[in-house]
Structures are given as C-alpha cells and as structure tokens.
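Colleague: Pasting a structure below so you can have a look.
The values are calculated or read from the model by the stated rules, or taken from the named source; none is laboratory data. Remember, predicted model here, so these are calculated numbers, not experimental data. Cβ coordinates were reconstructed from backbone atoms using ideal geometry, including for glycine residues, and neighbour counts include every protein chain displayed. Note: areas computed on protein heavy atoms with side chains; ligands, DNA, RNA excluded. Shrake-Rupley method; radii C 1.70, N 1.55, O 1.52, S 1.80 Å.
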Amino acid sequence: MSEITGHSGELAVHVARAHGVETMFTLSGAHVFPMYDGVVKLQQQGGEPQMRLLDVRHEQTAAFAAEATGKLTRVPGLAVLTAGPGVTNGISAIAQAQFAGSPMVVVGGRAPQNRWGTGSLQELDQPPIIAPVAKSAKTLMTAADVAGGVDEAFTLARSSHRGPVFVDVPMDEFFSSASGTAGSGEGTRIEPDGDAIATVAGLLARAQRPVLILGTDVWADHAEEAALRFVEDLGIPTLTNGMGRGVIPGGHRSLVTKARGAALSGADLVVVVGTPLDFRLGYGAFGGPDKNPTGEFARVVHIADSPGQVSGHADLAASVAGDLTTVLDGLQKAIEGGARPDWQGWSDQLRDQVRSAADRDAQLLTAEADPIHPARIYGELVPRLEDDSVVIGDGGDFVSFAGKYVEPKRPGGWLDPGPYGCLGAGLGAAIAARIARPSAQVTLLLGDGAAGFSLMDVDTLVRHDLPVVMVMGNNSAWGLEKGPMQMLYGYDVVADLAQRTPYDDVVKALGGAGETVTDPKEIGPALDRAYAAGVPYLVNVITDVEAAYPRNTFGI
C-alpha cells in the first residue's frame, strides 16, 4: 500500500497502474479530462511503469478493447468514458464482459454534483442503468472516495467470478484533490471443498465414457497448466469452448472437438469446467433416448470458479466451486491414488470420429465453388496461422465456421462473441490484441454485417500504428438470420445487404490497405500479402450466401 496525493484523475490512474493497467482506452470528453491529465503527469515523471493513452472513434470500441484486454492479459482492462452518451455507448461491451466473466473497469464521467438537478450537460444517473449488467456500479461522490473506490473496483473485477465494474465521478470532484492509497493489485479466490472434489473423483473413476469440457474460466483462472496436466495424465477425451480453446493444443490426441456430437451423445459422464451450462451446451442435458447407447442421459458435473456460477437449472450429479487449479490438481491426485480408470477404447472410438470428420472437412476446405464457400477461406487461413496467433471472431455464420475449423495451438489466443453474441466487438478486440501481444500474429475474422458496427475504427488502428489482418466473409446478407427466417416463414425480409460492397476501399480510405477476392485460388496469395503488409489490411472475400453454417441450435 502506497500513499498518493493529487486530483481525482491522478489518484485513479495511480491505482489503476498499481493493478497492472498499461493502457487507458477512451474517446475524448471533458467530463474525464482529469483522467487524461493523470496519465500525462505519469508520463512526465518518466521511468516505469507508464500508461498508454489510446483514443478511438466510438466509445463502444474503447469498452470492447478494455473487455478484450481483460480476457487476453487476465488483468482488468480500463475504459474511460465521458458522461451520458459516452457511458451508454459502452453498455453492450459491459454486458458482454458480464456474460463472459471478463475483468474490466469502466470509469465514467458524470455531471457536476454542485449543479445536480438543474439540468447540466449530460446529467444522467448512470449506475442504476449499468447495475444489471455489472458486478457493481456506483458513484464515487467525493475526491476522497476515489482512490479507495477505484482500488475496490479493480479488486472486485479481478476476483472470482470475474466481470465488469463501473464507477463514475462527478465532474467537480474529478478536478478536486485528495489523498489515498494504491492497493496491492490482487484479487481474491475461493478455496474449493475437499469433499466435493472427492465426490467428483469417485464419479470419474467409475465412468466408462467420460468427456471433459474446458471453458473460458479455465484460462481466466490461470488453470490452463493444471488442465493440460489433467488431460495428458488421464487421457480423458476433451472438448473446449470460448477461451478454453488452445488449453489443449490443436491436434492433441485427447482433443475431440471434431467429434463433439458423438462425444456428448455417447458419454456416460460429462464434466464441465469453467463455462456455463447454457444454449451452447444443450443447457446441461447430454445423451438420452435416440442418442446414448443405453438410452440414458449422461451424468453431469459442473465445476466453476465460484458458487454463483454453478448451474441452478441442470440436473447435476455433483459440483465443485473454487480455484480451478486446486480443483483439477485435486481431482488428478485423487484419481491417481486409486484404481486407474481405463478409457482407452472410448478414446480410440472418438479419435476415429475425429479422423473421419477431418476427411469430410477436407472437401469443403478445398472447395472450388463459385461463389466461394466460406469454408474455403479457412482451408487457406488455418495453415497460415502461427502458434502464437490471436484469432478474433466478429460475425455470425462466418465466425461459426471458424469455431469448426480453427483449433488454436496455445491458450489465450481465441476471442469470440461468447454467450452474449454481441456484434461489433471485433475492432476493439483487435486493438487490444495488437497491444497485449505486440509480436503475435493478430487476425480479425469479420462478417460483412458485423463490420458495419465498427469498421470506422480502422482509423484507430492506423493512427496508433497497430497492424492487424482482417479477413471478411462477405455474403451480402445477415446470414445467421436469413436462413432461419426462410425456414420458419418460407421467405426472408430485412436480411440482405448491398451486393459485393468493397469494404477494402473503406479500409484504404482510412489509411490501411486491402483487396477484394472472388476466386478461391486467390485467397491464399491475398492472405500472404496481408500478413506481409505491416498495416491494417482487409481481405474482402465474396462468399456464397447459400452456403450457410449447419447449426444445431439457434440459441433458444
């Protein structure tokens, strides 16, 4: 704990820096000028550590960049948004962080307290609006409240279960001075119950066809090494979703994502770690009549980083809540201490399914169809992805294909819309990824619909010298809605966009580069040019609107 003195902006910046924040994402607004002055004063003092001030073209991008920073670095991202519309423009990103468990802090401007109730510019009581989609939302009413309040916000954001925290400060108090302390920069974790771990270990030891599912919180909770140890030691067939992708490297013998249907239908025990039992996982019901060999539903275990994340709607055989490394290591130790289960036959069966799926995939990944099948893009992209690649998905159908074909080699390199399904997050996430991983390959996968939400922030990439490769599947439609509407009604409306829009020209106008591709043979060379360009570069691939992703759920 260190004593600090200054105006409220200086106090907030020092506390954020103590928590490991290296970048402040913002769009200029007078209500939060003291935050900028706090960064400038820190820079003028010289030495380390500094804080980068990065301005964007829309507040949603600042907030999405902070949310993605929290995911990538596991240190809360920081967005600073001016009062009123600046704050409300960031709400979708805050909600996404709440759904995904992303640690972030949003500091909002607020109309001055000494004029409150008289109708000053952008006077809005913001915390009640944000409270339903955040861990906490409150006003720090005086300068004396700022240091402690911001420290509390960062501590809460990074504590299990992680998520967004919002604070705002009245403008007059933002310019006022006070003293306070900068905290230790640590969150809190929960110790799991040993008896609950023993119960799960017993279920695993008796299972004949188990499946393990690893989700985002395995990465967020720093449990990726424990998870890989567990899988490699026991040889349990494993699926991944969200930022759990890459925890088990693509191509690993125990990774059976390509046999997902067979694994979940045939399992007698499904152990889900660090992800909710939501629509992506059939609400926690696996197997059953017409699916499982015995006609029974699989028993389900839910393991979460905190009690509030354990499913309340699924029929659970057991559950554990707490530090995920402790849980996974405890399970491994307990199972190794008894008769080692033999899952070899089950694993071999699923590996056969993986090989068959890969053979089927090869036909689409090399398709010569005209218009281009979206899968062909991934046939060219996947071999070009480096092991340290950060892949960002911002789209519907096009990004669904990415989930099928892209298997990251390392953890912490996959960002998708998650259960909130919010489009427009991509440019913010790309900005965050290029800053958080300066030497890594960064690829943003864009649907043409999603691009309309945030493509203007290519200007931010250009101004701040942040080269990113953007790959667009351009089918001139809201593909995720067009097909289902046709299925339900026999027609579709408000699902079409302008045909073959040259979005690469938009990127060029903003100072980047790009090209349109209509020949499948030109996808690979275009990607090579993009990765070699050293500037923001959009490969705009015109795809077949009729080649829809074959999905099993529409999220309801």
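Colleague: Looking at the chain only, what percent of DSSP beta bridges run antiparallel? Nearest 5 please.
Modeller: Beta bridges within the chain, antiparallel portion: roughly 10 percent.
Colleague: Using a 10 Å cut-off on Cβ atoms, rank the peptides 207-214, 133-140 from the highest mean neighbour count down.
Modeller: So the peptides 207-214, 133-140, ranked by packing, come out 207-214, 133-140.
Colleague: Next question. On average over all directions, what projected area in square nanometres does region 240-369 have, based on the convex hull of its Cα atoms?
Modeller: Quarter of the Cα hull surface area: 9.8 nm².
Colleague: A further question follows. For region 529-544, what does the Karplus curve 6.51 cos²θ - 1.76 cosθ + 1.60, with θ = phi - 60°, yield as ³J(HN,Hα) per residue in whole Hz, taken in order and with x for Gly and Pro?
Modeller: Once rounded to whole Hz, the list reads 5, 5, 5, 8, 6, x, 9, x, 9, 10, 9, 9, 9, 7, 10, 7.
Colleague: Mind giving me the FRET efficiency for LYS41 and MET456? R0 is 41 Å, r the Cβ-Cβ distance, nearest 0.05 is fine.
Modeller: 0.85
Colleague: Report, ordered by chain and residue number, the lysines lying within cross-link reach of LYS482, taken as a straight Cα distance under 21 Å and ignoring same-chain residues fewer than 8 apart.
Modeller: Once the sequence-local lysines are set aside, what remains near LYS482 is LYS404.
Colleague: Something else now. Calculate what fraction, in whole %, of the accessible area of region 1-138 sits on carbon and sulfur atoms when a 1.4 Å probe is rolled over the protein chains.
Modeller: 52 percent
Colleague: With the Cα gyration tensor of the chain in hand, convert its eigenvalues to equivalent ellipsoid semi-axes via √(5λ) and list them largest first in whole Å.
Modeller: Working from the Cα gyration tensor, I get semi-axes of 39, 31, 20 Å.
Colleague: What order, most packed first, do the peptides 37-43, 191-197, 401-407 have when packing is the mean number of other Cβ atoms within 10 Å of each residue?
Modeller: Descending mean neighbour count gives 401-407, 37-43, 191-197.
Colleague: Per residue, how large is the accessible surface of region 157-248? Use a 1.4 angstrom probe and give square angstrom.
Modeller: 32 Å²
Colleague: How far is the Cα center of region 8-84 from the Cα center of region 491-555, in Å?
Modeller: 32 Å
Colleague: Report, to the nearest whole %, how much of the accessible area of region 179-296 belongs to carbon and sulfur atoms, 1.4 Å probe, protein only.
Modeller: C and S atoms contribute 49 percent here.
Colleague: Cut-off 20 Å, label point 7 angstrom out along Cα-to-Cβ of ASP528: give me the residues of region 374-415 whose amide nitrogen falls inside.
Modeller: In region 374-415, the label zone of ASP528 (backbone N under 20 Å from the point 7 Å along Cα→Cβ) covers 376-387.
Colleague: Give me the accessible area per residue for region 1-155, probe 1.4 Å, as a whole number in Å².
Modeller: For region 1-155, the per-residue accessible area is 35 Å².
Colleague: Once amide H atoms are placed 1.01 Å from N in the peptide plane, what residues at a sequence separation of 5 or more from ILE372, or on another chain, have their amide H within under 5 Å of its amide H?
Modeller: Under 5 Å from the amide H of ILE372 lie the amide H atoms of ASP544, each far enough along the sequence or on another chain.
Colleague: Once a ≥ b ≥ c are taken as the square roots of the eigenvalues of the Cα gyration tensor of region 437-556, is the result rounded (a/c under 1.5), prolate (a/b larger than b/c) or oblate (a/b not larger than b/c)?
Modeller: prolate
Colleague: Still on this structure, please answer the following. How far is the Cα center of region 460-481 from the Cα center of region 323-379, in Å?
Modeller: Each part reduced to its Cα centre gives a spacing of 29 Å.
Colleague: Further, regarding this structure: Name the long-range amide H neighbours of SER136: under 5 Å, sequence gap of 5 or more, or other chain; modelled H, no Pro or chain starts.
Modeller: PHE166
Colleague: Right, here's the next one. Let me see the pair-distance distribution of region 270-341: every alpha carbon pair, 10 Å bin width, integer percents in order.
Modeller: P(r) for region 270-341, in whole percents per bin: 19, 43, 31, 7.
Colleague: How large is the dipole of the chain about the Cα centre if only Lys and Arg carry +1 and Asp and Glu carry -1, each at its Cβ, rounded to the nearest 20 debye?
Modeller: 460 debye
Colleague: With +1 assigned to the C-beta of every Lys and Arg and -1 to the C-beta of every Asp and Glu, and no other charges, what is the dipole magnitude of region 305-459 about the Cα centre in debye, to the nearest 20?
Modeller: The calculation lands at about 240 debye.
Colleague: For SER439 and VAL382, FRET efficiency with R0 = 25 Å and r from the beta-carbon atoms, rounded to 0.05?
Modeller: 0.75
Colleague: If you don't mind, there's one more thing I want to ask. Out of VAL105, TRP219, GLY426, whose Cα points farthest toward the positive end of the dipole of the chain (charges: +1 Lys, Arg; -1 Asp, Glu; placed on Cβ)?
Modeller: The listed residue farthest towards the positive side: TRP219.
Colleague: If you don't mind, another one. Rg and Dmax of region 39-164, using alpha carbons, in Å: what are they?
Modeller: Cα only, region 39-164: 14.7, 44 Å (Rg, Dmax).
Colleague: Still on this structure, please answer the following. Quick one: accessible area per residue over region 410-462, 1.4 Å probe, rounded to a whole number of Å²?
Modeller: 25 Å²
Colleague: Would you give the gap between the C-alpha center of region 130-192 and the C-alpha center of region 390-433, rounded to a whole Å?
Modeller: Using only Cα atoms, the two centres lie 29 Å from each other.
Colleague: Another question, then. Ignoring ligands, DNA and RNA, please state the percent of accessible area on region 413-456 from carbon and sulfur, probe 1.4 Å.
Modeller: 60 percent
Colleague: I've got another one for you. Please give the contour-minus-distance gain from ASP233 to LYS521: 0.36 nm per residue of separation, less the Cα-Cα distance, rounded to one decimal in nm.
Modeller: Length gained between ASP233 and LYS521: 99.4 nm.
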